Amino acid sequence: MTAAPTPRPGGARPSVPVTLDGTDVLAHEGETILALARRVGVPIPTLCQLDGLSVYGGCRLCSVEVAGEHRLPLACATEVVPEMEVRTTSPTLANHRRRIVALLFAEGSHVCAACVASGACELQDLASENGVDHISYEMTFPRTPVDASHPKFILDRDRCVLCTRCVRVCDEIEGAHVWDIAQRGNQAHLIAGMDQPWGEVSSCTWCGKCVAVCPTGALAWQGTAPGELHADPGLIAFLTDARDGTWDDRAGGNERRDDEEVAP
Amino acid sequence: MHDIHTIDPVSRIEGHAKITLHLDEDGGVADARFHVTEFRGFEEFCRGRPLAEMPSLTARTCGICPVSHLLASAKATDAIHAVSIPPAATLQRQLANLGQIVQSHVLSFFHLSAPDLLLGMDADPATRNVFGLMQTEPEIVRGGIRLRQFGQEVIESVAGQRIHGKGIVPGGVADPFTTEKRNAIRSGLDEALGSATQALALLTSLQDRFTREIEVFGRFDSLYLSHCAPDGTWEHLDGKLRIIDAEGATVIDQLDPADYRSVLGEAAKHDSYLKVPYYKPLVTGDDPRPGMYRVGPLARINIAERFGTPIADAGLADLRERTGRIAASSFHYHHARILEVIASLERIDGIIDDPVLLDPRVRAQAGINARRGVGASEAPRGTLFHDYEVDDHGVITAVNLIIATGQNELAMNRTILDIAREYVDGSTLTDGVLNRVEAGIRAYDPCLSCSTHAMGQMPMVLQLLAPDGDVVCERRRE
Ligand code: SF4
Ligand code: SF4
Ligand code: FES
């Protein structure tokens, strides 16, 4: 994971004219559509994106419409250009987002009632915000054994949405690179170390950052009962801001920004 | 002899209780079977899950007494963590169980059984329900509704807002108790006790109307099993088990629930998913019936010497005036339930004034320290066992649940048999038979969604089977 970190607009005044949902706004040079939208208060759903980590562009939930483009560009990975006309909502986008969320449910075993993250889960939030009230795809209900080998943490791959936040945070922030994604397509799955039980991976420092950023109940502290897990994805932006000395660039100064990071 | 007609459990009529009466060659009723469903595949479902999920998982699986499952499950996880939970957590869990006993018994009595008792077993089924009762006895019904609400509030004060609360966790409870919660419970107690004592007076006054039913409704010898304090005081959540015989003599005392296998066997049945637990020392062959024992309110009041609280103890003494030391008729389950509601309210009264209840230390943290753990509790319907085995990391490898309805199944069959022998005449099934079989089953308050049907009508199918298995007569109630 070596992609450049999410561009952080500096103190310079925004100067790039862009139309966002029919409104004229000024963007910073090099700003992503997502960063711009957030700055001006327009919500765009995201899942894999997390401030403080590199851009992955894997979940495609942040897709938007841009005039003149046939495909749906990713707001988290697309920088604005002058005169760009962006739409963040449309029937096509709503349908697209609902399908993505429904597929994520269908390919995992998401029994919310028994899940540690229930009530504080970004997948649940995405479902309710995007009107996914039923799944018409065939549910696969995988039964992958949970990895409870780590003394502090537990991994339930059947709740993993392959957002790679854990992969990136462990590599880019903690520097331990415990996680990778093995295989591809519907075989893709998270592995620890050299595909070992997590508890046997000696590079893990037990820092818990992966648990803090996981959007679902896939990663949790050992002994967490259903509904008790409260992830802390805002932790990462807090750390990177502290490291980079970029406190003042951000709205709200040096406050922890977890309110912005958890799905709205 | 007669053949037992094999009923494919899959063909069980959805949402209906199914009862078969088996005739012998002479046209007499030889056997009766209540076909119970159970948590299908539950054991399989839990395998591979982390231990900490078990309380919520089991509570979600049974929608009828989730709190009982939460508690038995949490106790099994405590055993695997090898912790004794903080005293404040013990009190909170006790509160939750007492609240559960109140709300469940009140539902059973006021909503499901009172119409039979107050309006008569032969009353028109269209009005023999809680709505019919509302017309004739509005005060009673209203008191019952408020009482149930009170029980619910006590549960919520511990387990959280929703019915499948997440407040009961491995190692104790999630949150310390608060003075606000204590005050709220305190303010509702007097009225709750008032409604409960009123119900007891009413039930006592009705006894003479039902002398025949008391005779016929499961008045037979059996063993009884429940938790019981070493000094014989009624117990509902903690401590050990006692088994007594039909005369009241102690058969086994202070049995650790973790050793249940030393005395309880489980017979697999070909016509039901339910395993039938029996008392092993009395069973020599394949037939589990000699090992029949009863659990639940009747068993608890027969086993206990006393409740240990004044109003309930006065009521118990009163009942024993009529029945002798042992109330053998399953009809007295109703009485036992109301006595337990009163005892629970009196216990709640004691607990909420205990300063320990407000102690902020409510959860013991520990790793996996044992490979197996058994948790038991007195669910409203009877003793509930959760038995888990885990691997080194606390992932479930085996689950065994023993539920009250399963343990009472032999006694329920016997009760239906007795009723059928008394009321079935020839080869037709009358409404009176249907009503009494229903009432006989309801005495046990079995945990079937159909048996807690809100309308007070149990959807059921009653079949009379010839020795060759042919259906001679069938009555259905939707
Ligand atoms: S606990 Fe820290 S070091 Fe271990 S896998 Fe998670 S992020 Fe990496
Ligand atoms: S474990 Fe969690 S953070 Fe890691 S890829 Fe899966 S969903 Fe994302
Ligand atoms: S948030 Fe943009 S692709 Fe996941």
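The values are calculated or read from the model by the stated rules, or taken from the named source; none is laboratory data. Only a predicted model underlies this, so the values are computations on that prediction, with no experimental measurement involved. Glycine also receives a Cβ, built like all others from the backbone with ideal geometry; neighbour counts cover every protein chain displayed. With ligands, DNA and RNA removed, areas are computed over all heavy atoms of the protein, side chains included. Shrake-Rupley method; radii C 1.70, N 1.55, O 1.52, S 1.80 Å.
What number of residues in the range A:155-165 are open to solvent by less than 10 Å² (accessible area, probe 1.4 Å) and within 6 Å of ligand 2 (Cβ to nearest atom)?
Counting residues in the range A:155-165 that are open to solvent by less than 10 Å² (accessible area, probe 1.4 Å) and within 6 Å of ligand 2 (Cβ to nearest atom) gives 2.
Tell me which residues, restricted to the range A:195-208, are surrounded by 12 or more Cβ atoms within 10 Å (Cβ to Cβ) and either outside any loop (DSSP other than H, G, I, E, B) or in contact with a Lys or Arg (Cβ under 6 Å, 6 or more places away or on another chain) (or both).
Scanning the range A:195-208 gives A:Q196, A:W198, A:G199, A:E200.
I'd like the residue in the range B:188-199 that is surrounded by fewer than 21 Cβ atoms within 10 Å (Cβ to Cβ) and under 22 Å from the mean Cα position of the chain (by Cα) and, out of all such residues, is nearest to B:R436 (Cα to Cα).
B:T197
Can you tell which of A:D156, A:D125 is closer than 26 Å to B:H81 by Cα and either of a type in the set (K, R) or modelled with pLDDT of 95 or more (or both)?
Every option except A:D156 fails the conditions.
Among residues belonging to the range A:209-223 that are open to solvent by less than 10 Å² (accessible area, probe 1.4 Å) and in a loop (DSSP other than H, G, I, E, B), point out the one that is farthest from ligand 2 (Cβ to nearest atom).
A:G217
Out of all the residues in the range B:29-45, which are buried (at least 24 other Cβ atoms within 10 Å of the Cβ) and modelled with pLDDT of 75 or more?
The one that is buried (at least 24 other Cβ atoms within 10 Å of the Cβ) and modelled with pLDDT of 75 or more: B:F34.
Pick from the range A:221-241 the residues that are among the hydrophobic types (A, V, I, L, M, F, W, C) and touching a Lys or Arg at 6+ places or on another chain (Cβ under 9 Å): which of them is nearest to the other protein chains (Cβ to nearest Cβ)?
A:A225
Go through (1) within 16 Å of ligand 2 (Cβ to nearest atom); (2) open to solvent by 10 Å² or more (accessible area, probe 1.4 Å) one by one and return the number of the condition A:E65 breaks.
It is condition (1) that A:E65 fails.
Given the criteria in contact with a helix residue (DSSP H, G or I) (Cβ under 8 Å, 6 or more places away or on another chain) and of a type in the set (A, V, I, L, M), does A:V213 qualify?
So A:V213 fits the description; yes.
Where residues in the range B:202-231 are out of contact with any helix residue (DSSP H, G or I) (no Cβ under 8 Å at 6 or more places or on another chain) and among the small types (G, A, S), which of them is nearest to B:I441 (Cα to Cα)?
Within the range B:202-231, the match that is nearest to B:I441 (Cα to Cα) is B:S205.
Please work out if A:A75 is away from chain B (no Cβ under 14 Å), within 13 Å of the chain's Cα centre (by Cα) and away from ligand 2 (no atom under 16 Å from the Cβ).
Criteria met by A:A75.
State which residue pairs qualify: first residue more than 16 Å from B:L193 (Cβ to Cβ) and inside the range B:127-145, second residue open to solvent by 80 Å² or more (accessible area, probe 1.4 Å) and not in a helix (DSSP H, G or I) in any location, beta carbons under 7 Å apart, and separation of 6 or more residues or different chains.
B:N129/B:M455
I'm trying to understand the selection: among the residues of the range B:400-415, which are of a type in the set (V, I, T), part of a helix (DSSP H, G or I) and either over 21 Å from the mean Cα position of the chain (by Cα) or surrounded by fewer than 24 Cβ atoms within 10 Å (Cβ to Cβ) (or both)?
Within the range B:400-415, none qualify.
I'd like to check something: does the range B:119-139 contain any residue that is open to solvent by 20 Å² or more (accessible area, probe 1.4 Å) and within 17 Å of B:S344 (Cα to Cα)?
No: the range B:119-139 contains no residue that is open to solvent by 20 Å² or more (accessible area, probe 1.4 Å) and within 17 Å of B:S344 (Cα to Cα).
Looking only at the range A:157-206, count every residue that is more than 16 Å from ligand 3 (Cβ to nearest atom), on the phi < 0 side of the Ramachandran plot, among the small types (G, A, S) and out of contact with any helix residue (DSSP H, G or I) (no Cβ under 7 Å at 6 or more places or on another chain) and tell me the total.
Matching residues across the range A:157-206 total 4.
Please give the number of the condition A:Q187 fails out of (1) within 14 Å of chain B (Cβ to nearest Cβ); (2) modelled with pLDDT under 95.
With respect to (1) within 14 Å of chain B (Cβ to nearest Cβ); (2) modelled with pLDDT under 95, A:Q187 is out only on (1).
Taking A:R87 as meeting all but one of (1) within 30 Å of A:R157 (Cβ to Cβ); (2) at pLDDT 95 or above; (3) more than 13 Å from the chain's Cα centre (by Cα), write down the number of the exception.
(1)
Does B:E247 qualify as being open to solvent by 40 Å² or more (accessible area, probe 1.4 Å), in contact (Cβ under 8 Å) with a residue 40 or more places away in the chain and outside any loop (DSSP other than H, G, I, E, B)?
The answer is no for B:E247.
Taking B:T397 as the residue in question, decide whether it is open to solvent by 10 Å² or more (accessible area, probe 1.4 Å) and either basic (K, R) or touching a residue at least 60 places away in the same chain (Cβ under 8 Å) (or both).
yes
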